[in-house]
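The values are calculated or read from the model by the stated rules, or taken from the named source; none is laboratory data. Remember, predicted model here, so these are calculated numbers, not experimental data. Note that we place each Cβ from the backbone using ideal geometry, even for glycine, and neighbour counts take in every protein chain shown. What goes into the accessible areas is simple: the full protein's heavy atoms, side chains included, and nothing from ligands, DNA or RNA. Shrake-Rupley method; radii C 1.70, N 1.55, O 1.52, S 1.80 Å.
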Amino acid sequence: LRAENQLVSLSDYAAFQVTNPLGNGEVFTIYNLDPAKRGQRDLLDRVRGRGVRLLYAAPERLRSPALLTALREAGCWLVACDEAHCISQWGHDFRPDYARIGEFLAGLATRPVVCACTATATARVRTEIAEILGLRDPVTRLQGIHRPNLRLVVRRDVTPSRRHAEIVRAIRWTA
């Protein structure tokens, strides 16, 4: 299997594990690697109409002009890149489409908050991640394998105007 297909299989499994914690419509959607797959047009319409709260897309799908257009129209306030070490040519798992995430960010109408997560990046790799993603003065958190501070919280009452403050509060909680 190609890496993208493995990612979709993994993300399909993850989608089944995610429930609707907000209780008010669709929260989690996967933008599949197969652009011809039935339902992709409807999905992009929901993205444009802001009916999707969380969209998972493998970096390979960020090349899709239709996805970029939909996100430009809807607005995107946060982009999270998991396994960010794949961005770097010095990373142990380099994938070219990860390195294009910076181009994707530049193509959005408004620059979103960017979160790049990895558990395996050396100092050199962290520097390259920041450069490729265009991060200015990034906040870096380093810690070992033991992570008693990890938790998942879903807040129903966070308004769009409070999102930034809630993100800052969450980051400070872990510091």
Practice task
Give the long-range amide H neighbours of Cys81: residues separated by 5 or more places, or on another chain, with amide H under 5 Å away, using H modelled in the peptide plane at 1.01 Å from N.
Solution key: Cys115, Ala116, Cys117
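Expressed as a whole percentage, what fraction of the accessible surface of the range 45-144 belongs to carbon and sulfur atoms when a 1.4 Å probe is rolled over the protein heavy atoms?
Working: 3020 of 5820 Å².
That fraction is 52 percent.
Could you tally the net charge around Ala106, taking each other residue with its Cβ under 14 Å from the Cβ of Ala106, Lys/Arg +1 and Asp/Glu -1? Working shown, then result.
On the way: positive: Arg63, Arg72, Arg100, Arg111, Arg136; negative: Glu103, Glu131.
Spelling it out: positives minus negatives among the neighbours equals +3.
Quick check: from the Cα gyration tensor, does the range 38-165 come out rounded (a/c under 1.5), prolate or oblate? Display every interim value, and only then the final one.
Details: a/c = 1.88, a/b = 1.29, b/c = 1.46.
Verdict is oblate for the range 38-165.
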